[in-house]
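Asker: Quick one: this structure, given as C-alpha cells, is what I'll be asking you about.
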Amino acid sequence: MKGKVRLSFKLNGAKRNDEMEPNQTLCDYLHDVAGTTGVKKGCDTGECGACTVLLDGMPVTSCLVLVPQIDGREVVTVEGLGKMSDPNPVQRAFVEHDAVQCGYCIPGMIVTLSWIHEHFPGASDPEIRRLMSGNLCRCTGYQQQIEALRTALGSASHSG
Amino acid sequence: MKSFQYLAPIPRFEYLAPRTLSEAFKILGVHGKEAAIIAGGTDLTIALKERTAAPKVVIDLRHLRSELGGITISKGVLRIGALATFSEIEASPLAGKYANSLREASANVGTLQIRTIATLGGNLATASPAADSAPPLIALGANVTILGRSGNRTLPVQSIFTGPKRNALQVGEIISSVEIPAIEEVRSAWTRAAVRNENVLSAVSVAVATTVHDGKFGASRIALGAVAPTPMLAETASRAMTGSEATAEQAEKVAALAAEDARPISDIRASARYRKHLVQVLTRRLIIQVLSEDGLS
C-alpha cells in the first residue's frame with residue numbers, strides 16, 4: 001500500500017488542498033507543481049540555502065522537508081514576502097544596493113534576511129553573518145546583502 | 001567519494017503520521033523493520049535521496065509533540081523531549097542554566113535552516129560519530145529514555161551509540177527524551193574545531209562538565225566527538241580531573257590525558273595526529289574557560 005496523501009496547508013496566505021505522492025521534497029513541489037519558482041534547488045542536501053522558505057514562520061531548507069510534513073502548516077516563499085509593485089523592505093533594499101549578481105541564491109537569501117529583519121532587528125554584523133551562514137552566494141561576498149539589510153533595518157553596521 | 005544522485009527521485013513509500021503513541025507503536029508493530037521514523041527529517045531526507053535508506057513506510061512523529069517534545073524541569077532533572085529542535089534548545093533559558101554546553105552546541109549545529117527543524121532525538125538516533133549534541137550530554141551525565149511497545153528503558157547517552165551511524169534502538173523502539181541532572185553549580189562548556197566557523201561538520205568537538213569548590217574540581221567529565229567510532233567519555237582525563245587542583249597547570253595535564261584517551265582516524269576532515277592535537281588544545285581551553293567563570297560570578 002503506497003498511497004497518495006491528502007494535504008491541506010497554506011501557501012503564501014492561500015489555502016490549498018492537494019493530493020500527492022509523499023516521496024517528493026517541499027522544494028520540488030513548490031518549484032515544479034505549485035508554481036512558486038522563486039524556490040531554487042542548489043545542492044539538494046540542505047547546505048546552500050537557495051531553497052529556503054518559511055515553515056510556520058521559521059526558515060527551513062525546503063529540499064530537506066518531505067512534502068507530507070507540511071500538512072496543516074503554513075509555507076511562505078519569496079513570492080509571499082512582497083510583490084514587484086510592493087516589495088518588502090529587504091527586497092527594496094536589495095535593489096538599491098545592487099545586492100544581486102547571478103541571482104540564483106537571492107530568493108532564499110531574502111527569505112532568511114527578511115526573517116532576521118523581523119526577529120533580530122538589533123543583530124550585530126557577526127550575528128547576522130552567523131544567521132545567514134546557511135545561504136551560500138558564490139558571486140557577491142555577502143557584503144552588499146548585509147548593507148541592504150542594514151538599510152532595511154535603518155541601522156548602521158556594528159560588531160555587537 | 002560517492003557521487004550524489006542529484007536527479008534520482010526518492011523511491012515511493014507509504015507515509016503515516018500517528019495521532020497517539022499507542023497508534024505509533026501499533027504501526028511500528030506491523031511494519032517493524034520496513035519502517036523509518038521521521039522527526040525533523042534533515043538526515044532521513046538526504047538518506048532517501050542517497051538511497052542509503054529505502055523504507056517502505058515512513059512514520060512521522062510530528063503529532064506527538066505533547067508526548068515527545070518540550071523542555072521541562074522536575075525533581076532535579078532537566079528533561080528535553082526527543083522532538084525538541086536545536087533552535088528551541090538554543091533559545092531555552094533552562095538549557096542555558098543547567099546545560100550550557102548543550103545550548104552552545106545546539107547553537108552551532110548545521111545552519112539556521114537546519115536548527116529550526118532538526119531534533120535532539122534525531123541527532124542521537126542518526127548516531128554520527130560527530131553528532132554535536134552528544135559530547136555535552138555525555139559530559140553532563142545525561143540518560144536517554146527509550147519507549148517500546150513492551151515498556152521503557154533508560155540508557156546513558158554514550159550507550160545509544162554502538163558504532164558509526166549505528167544505534168542501540170531495537171526494532172519498534174523510539175527515543176522519547178533525554179534527562180540531564182539539573183545541578184546549579186555544574187559548569188559546562190562545549191567547543192569544536194572545523195574547517196570553517198559555520199555550516200560545517202566538526203573535525204573534533206569537546207565538552208566539559210565540572211564543579212569548582214575550595215580551589216578543587218568536583219566530579220568532572222570530559223567527552224569527545226569525532227575522535228572515535230562513537231562520541232566518547234575521556235575516562236582517564238575525567239578521573240584525573242575529578243578532585244584535583246583547579247589550576248591552569250592541572251588543565252594542561254588533563255588535556256594531555258584527553259588526547260591520549262582519543263582514538264581518532266584520519267579522514268577528509270582531519271588527520272588522526274591533528275585530531276589528537278586538537279583534543280589537547282580544545283580541552284585545555286575549555287577547562288580554563290570554566291575556571292574563569294569565577295571572575296564573572
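The values are calculated or read from the model by the stated rules, or taken from the named source; none is laboratory data. Treat the numbers as computed from the prediction; the structure is a model and nothing was measured. Glycine also receives a Cβ, built like all others from the backbone with ideal geometry; neighbour counts cover every protein chain displayed.
Asker: Give the residue, chosen from B:A82, B:A95, B:A99, that is within 22 Å of B:Q170 (Cβ to Cβ), outside the structural domain of B:T210 (by TED's automatic domain parsing) and surrounded by 20 or more Cβ atoms within 10 Å (Cβ to Cβ).
Answerer: B:A82
Asker: Are there any helices (runs of 4 or more DSSP H) wholly within the range A:95-158 with 2 or more residues that are more than 19 Å from B:S87 (Cα to Cα), at pLDDT 95 or above and not assigned by TED's automatic domain parsing to the domain that holds A:C63, and if so which?
Answerer: Details: elements: A:106-119, A:125-131, A:143-153.
Counting at least 2 such residues, we get A:106-119, A:143-153.
Asker: Name the residues in the range A:35-72 that are surrounded by fewer than 24 Cβ atoms within 10 Å (Cβ to Cβ), of a type in the set (A, V, I, L, M, F, W, C) and either at pLDDT below 95 or within 22 Å of B:E50 (Cα to Cα) (or both), would you?
Answerer: Those that are surrounded by fewer than 24 Cβ atoms within 10 Å (Cβ to Cβ), of a type in the set (A, V, I, L, M, F, W, C) and either at pLDDT below 95 or within 22 Å of B:E50 (Cα to Cα) (or both): A:C43, A:L66.
Asker: Mind listing whichever residues of the range A:16-63 are charged (D, E, K, R) and within 17 Å of A:M132 (Cβ to Cβ)? Explain how you work it out, then say what you get.
Answerer: Initial filter on the range A:16-63 (charged (D, E, K, R)): A:16, A:18-19, A:21, A:28, A:32, A:40-41, A:44, A:47, A:56.
Selection gives A:K40, A:E47.
Asker: In addition: Given the conditions (1) under 22 Å from B:S188 (Cα atoms); (2) in a helix (DSSP H, G or I); (3) in contact (Cβ under 8 Å) with a residue 24 or more places away in the chain; (4) more than 14 Å from every other protein chain (Cβ to nearest Cβ), which single one is not true for B:A131?
Answerer: Condition not satisfied by B:A131: (2).
Asker: Mind listing whichever residues of the range B:112-127 are away from every other protein chain (no Cβ under 11 Å) and either in a helix (DSSP H, G or I) or of a type in the set (K, R) (or both)?
Answerer: Here is the first cut: in the range B:112-127, the ones away from every other protein chain (no Cβ under 11 Å) are B:119-127.
Result: B:L120, B:G121, B:G122, B:N123, B:L124, B:A125, B:T126.
Asker: Select from the range A:1-30 the residues that are surrounded by fewer than 21 Cβ atoms within 10 Å (Cβ to Cβ), within 14 Å of another protein chain (Cβ to nearest Cβ), without any contact (Cβ under 8 Å) to a residue 40 or more places away in the chain and under 23 Å from B:Q113 (Cβ atoms) and list them in ascending order.
Answerer: Once the filter is applied, which keeps residues that are surrounded by fewer than 21 Cβ atoms within 10 Å (Cβ to Cβ), within 14 Å of another protein chain (Cβ to nearest Cβ), without any contact (Cβ under 8 Å) to a residue 40 or more places away in the chain and under 23 Å from B:Q113 (Cβ atoms), the range A:1-30 yields only A:D28.
Asker: Every residue in the range A:31-56 that is among the acidic types (D, E) and free of Cβ contacts under 8 Å to residues at least 12 places away in the same chain, please.
Answerer: Of the range A:31-56, the ones among the acidic types (D, E) are A:32, A:44, A:47, A:56.
Scanning the range A:31-56 gives a single hit, A:D32.
Asker: Go through A:V95, A:V100, A:V67 for me and flag whichever is over 30 Å from B:R62 (Cβ atoms) and touching a Pro at 6+ places or on another chain (Cβ under 8 Å).
Answerer: On the way: A:V100 fails: touching a Pro at 6+ places or on another chain (Cβ under 8 Å); A:V67 fails: over 30 Å from B:R62 (Cβ atoms).
Just a single option satisfies the conditions, and that option is A:V95.
Asker: Would you tally the residues in the range A:84-104 being of a type in the set (S, T, Y) and closer than 14 Å to A:G38 by Cα? I'd like the intermediate steps shown before the answer.
Answerer: First, the residues of the range A:84-104 that are of a type in the set (S, T, Y): A:85, A:104.
Going one step further and asking which of them are closer than 14 Å to A:G38 by Cα, we end up with A:104.
Qualifying residue count, the range A:84-104: 1.
Asker: If the requirement is being farther than 27 Å from B:I114 by Cα, out of contact with any Cys (no Cβ under 7 Å at 6 or more places or on another chain) and not β-branched (V, I, T), which of these qualifies: B:G163, B:G215, B:G172, B:G141?
Answerer: Working: B:G163 fails: farther than 27 Å from B:I114 by Cα; B:G172 fails: farther than 27 Å from B:I114 by Cα; B:G141 fails: farther than 27 Å from B:I114 by Cα.
Sole residue among the options that is farther than 27 Å from B:I114 by Cα, out of contact with any Cys (no Cβ under 7 Å at 6 or more places or on another chain) and not β-branched (V, I, T): B:G215.
Asker: Quick check on my filter: what residues within the range B:257-267 are surrounded by fewer than 17 Cβ atoms within 10 Å (Cβ to Cβ) and either in contact (Cβ under 8 Å) with a residue 40 or more places away in the chain or more than 20 Å from B:A194 (Cα to Cα) (or both)? Can you show your working first?
Answerer: Applying the first criterion (surrounded by fewer than 17 Cβ atoms within 10 Å (Cβ to Cβ)) to the range B:257-267 yields B:260, B:263, B:265-267.
Matches in the range B:257-267: B:E260 only.
Asker: Based on what the data block shows, is A:V75 in contact with a Lys or Arg (Cβ under 8 Å, 6 or more places away or on another chain) and buried (at least 21 other Cβ atoms within 10 Å of the Cβ)?
Answerer: Yes; evaluated as a whole, the condition is true for this residue.
Asker: Okay, next question. Is there any pair with a first residue in the range A:92-105 that is under 16 Å from A:C48 (Cα atoms) and a second that is basic (K, R) whose Cβ atoms are under 6 Å apart and which are 6 or more apart or on different chains, and what are they?
Answerer: A:Y104/A:K40
Asker: Please go through the range B:214-238 and pick out each residue that is of a type in the set (S, T, Y) and over 12 Å from the mean Cα position of the chain (by Cα). Before you say what the answer is, go through the steps one by one.
Answerer: Restricting attention to the range B:214-238, the residues satisfying the condition of being of a type in the set (S, T, Y) are B:220, B:230, B:236, B:238.
Selection gives B:S220, B:T236, B:S238.
Asker: Would you mention how many residues in the range A:55-80 are more than 7 Å from every other protein chain (Cβ to nearest Cβ) and closer than 22 Å to A:C105 by Cβ? Step through it out loud before you land on a result.
Answerer: Quick first cut of the range A:55-80, residues more than 7 Å from every other protein chain (Cβ to nearest Cβ) only: A:55-57, A:62-63, A:67, A:70-80.
Of the ones still in play, those that are also closer than 22 Å to A:C105 by Cβ are A:55, A:57, A:62-63, A:75-80.
So the count comes out to 10.
Asker: A further question on this structure: Checking the structure you have, find out if any residue of the range B:79-96 is among the charged types (D, E, K, R) and touching a Gly at 6+ places or on another chain (Cβ under 7 Å).
Answerer: Start the filter on the range B:79-96 by keeping residues that are among the charged types (D, E, K, R), which leaves B:79, B:88, B:90.
Then drop every residue that is not touching a Gly at 6+ places or on another chain (Cβ under 7 Å), which leaves none.
There is no residue in the range B:79-96 that is among the charged types (D, E, K, R) and touching a Gly at 6+ places or on another chain (Cβ under 7 Å).
Asker: How about the range B:136-164: which of its residues are in a loop (DSSP other than H, G, I, E, B) and either without any contact (Cβ under 8 Å) to a residue 12 or more places away in the chain or within 13 Å of the chain's Cα centre (by Cα) (or both)? Can you show your working first?
Answerer: In the first step, residues of the range B:136-164 are kept if they are in a loop (DSSP other than H, G, I, E, B); the result is B:140-142, B:149-150, B:164.
Passing the criteria: B:L140, B:G141, B:A142, B:S150.
Asker: Looking at B:A107, B:A139, which is the one that is within 14 Å of chain A (Cβ to nearest Cβ), modelled with pLDDT of 95 or more and more than 27 Å from B:E23 (Cα to Cα)?
Answerer: From the options B:A107, B:A139, the qualifying one is B:A107.
Asker: Tell me yes or no: at least one residue of the range A:108-121 is under 30 Å from B:R19 (Cα atoms) and away from chain B (no Cβ under 14 Å).
Answerer: At the first step, the residues of the range A:108-121 found to be under 30 Å from B:R19 (Cα atoms) are none.
For the range A:108-121, residues under 30 Å from B:R19 (Cα atoms) and away from chain B (no Cβ under 14 Å): absent.
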